[in-house]
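K.L.:
Can you keep this structure in mind? I'll have questions shortly.
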Ligand SMILES: C[S@@+](CC[C@H](N)C(=O)[O-])C[C@H]1O[C@@H](n2cnc3c(N)ncnc32)[C@H](O)[C@@H]1O
């Protein structure tokens, strides 16, 4: 197969994805699913190209992401699908905001400006009790409810933004044995946390660096499984510009697709390579079907 993978099933490149995508051939990937770094919320490295280190949503964060989409649209085949997983960003002392920052809206606006077609998004609900414990957010606590309900507010959802590259899709996506019942379930406009469990992820411990104060939030495997089955044919190339510990690659390989990724942090690359080797050794489909649960 003479394409960007040169006969390999997968490759992870250690480079800033914005710079690397500029060197990738045009229209070289069939689909993309990823979680971008969330500016001002999680910093993964001390590198200046780590988008997690940008703080200003009208300044450096916006600029980084604008450059990102400008390159990203080049590498995706016409008519094909990109799924971006994101969440809204709370106003914090660190980002100087009182209001919640509309990160989802920013991503959609920048993607459209680069030429993408924005089609829809799936909110994924979150268990409010788990979120209250994890984030210690005042708005979710009983104390706020009892002291002053003006500050009480529901849990943040995750979102999957669906974009299409402009142009006609040359190879229809028809394989996969996707059943009508699966589509009835997945076509619902909101995906429920009881089906997409927050803990259904790869193990994050291996990617932890010695000086890390925060660890990575890997994308839930059932989310990846649904969108890879929906939007690729077997053997096609799934791309994650922000590979992390390799969740998107792990599911893609397990489902008989190929994978191409970029990541800047050494520890995550090592963990991702290990995870992808594990998926490669599994029978196609078996690992992901087992670990993502049956739907
Ligand atoms: C939200 S995490 C992705 C997690 C991934 N979906 C998984 O499940 O493992 C974002 C990742 O982007 C990486 N990153 C940040 N800036 C980057 C850049 N400019 N190029 C490539 N990777 C970058 C971070 O190191 C981090 O691993």
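K.L.:
If each residue's Cβ is checked for other Cβ atoms within 10 Å, how do 149, 226, 109 rank with the fewest at the top? Mind showing how you got there, number by number?
P.N.:
On the way: 149 9, 226 25, 109 16.
With the fewest neighbours first, 149, 226, 109 line up as 149, 109, 226.
K.L.:
For the chain, I need the span (max minus min coordinate) of the C-alpha atoms along each principal axis, in Å, sorted largest to smallest.
P.N.:
63, 42, 41
K.L.:
Using alpha carbons only, how many angstrom separate the centre of region 1-33 from the centre of region 157-194?
P.N.:
23
K.L.:
Continuing with this model, one more query. Relative to the longest principal Cα axis of the chain, at what angle does helix 103-114 sit, 0 to 90 degrees, rounded to 10?
P.N.:
Its long axis makes an angle of about 40 degrees.
K.L.:
With a 10 Å radius around each residue's Cβ, average the other Cβ atoms per peptide and rank 87-97, 153-163, highest first. It would help to have the intermediate numbers written out before the result.
P.N.:
Working: 87-97: 13.9, 153-163: 18.9.
Going by the mean number of other Cβ atoms within 10 Å, highest first, we get 153-163, 87-97.
K.L.:
Further question on the same structure: Given R₀ = 41 Å, FRET efficiency for residue 94-residue 117 by Cβ-Cβ distance, to 0.05?
P.N.:
Values: r = 34 Å, r/R0 = 0.82.
That pair, residue 94 with residue 117, gives E of 0.75.
K.L.:
If I fit a long axis through the Cα atoms of helix 266-281 and take the longest principal axis of the Cα atoms of the chain, what angle between them do I get, 0 to 90°, rounded to 10?
P.N.:
50
K.L.:
In addition: Looking at region 91-217, what % of its DSSP beta bridges pair antiparallel, to the nearest 5?
P.N.:
Numbers: 7 of 8 bridges.
In region 91-217, DSSP labels about 90 percent of beta bridges as antiparallel.
K.L.:
Another question, then. How high is the relative contact order of the chain, in percent, with contacts defined as C-alpha pairs under 8 Å that are six or more residues apart?
P.N.:
Numbers: 557 pairs, mean separation 66.5, N = 295.
About 23 percent, as a whole number.
K.L.:
Rank the residues 216, 4, 245 as a footprinting-exposure proxy: fewest other Cβ atoms within 10 Å of their Cβ go first. Before the final figure, lay out the partial values.
P.N.:
Values: 216 22, 4 16, 245 30.
Ascending Cβ contact count within 10 Å gives the list 4, 216, 245.
K.L.:
Moving on. For 98, 110, what ranking results if the residue with the fewest other Cβ atoms within 10 Å of its Cβ goes first? Don't skip to the end; give the middle numbers.
P.N.:
Details: 98 6, 110 19.
Ranking 98, 110 by Cβ neighbours within 10 Å, fewest first, gives 98, 110.
K.L.:
With a point put 7 Å past each Cα toward its Cβ, work out how far residue 145 is from residue 132 in nm, to one decimal.
P.N.:
Here the answer is 0.5 nm between the modelled labels.
K.L.:
How big is Rg to Rh over region 38-192, alpha-carbon atoms, Rh as the Kirkwood inverse-mean-distance radius?
P.N.:
Values: Rg = 18.4 Å, Rh = 17.9 Å.
Radius of gyration over Kirkwood radius for region 38-192 works out to 1.03.
K.L.:
Another question, then. Out of all DSSP beta bridges in region 10-291, what portion is antiparallel? Express it as a percent rounded to 5.
P.N.:
That works out to approximately 50 percent antiparallel.
K.L.:
Is it possible to state the helix-based mean residue ellipticity at 222 nm for the chain, with each DSSP H run of 4+ residues giving -39500 (n - 2.57), the sum divided by total residues, to the nearest 500 deg cm²/dmol? What is it? The partial results should precede the final answer.
P.N.:
Numbers: 10 runs with 95 residues, N = 295.
After summing the helix terms and dividing by residue count, I get -9500 deg cm²/dmol.
K.L.:
Continuing with this model, one more query. Order of 268-276, 9-17, 256-264, 129-137 by packing, highest average Cβ count within 10 Å first?
P.N.:
Working: 268-276: 21.8, 9-17: 18.9, 256-264: 24.4, 129-137: 13.4.
With the highest mean Cβ count within 10 Å placed first, the list reads 256-264, 268-276, 9-17, 129-137.
No lab work stands behind these numbers, since they all come straight from the coordinates. Bear in mind the structure is a predicted one, so any value in this text is a computation, not a measurement. All Cβ positions, glycine included, derive from the backbone under ideal geometry; neighbour counts span all protein chains shown.
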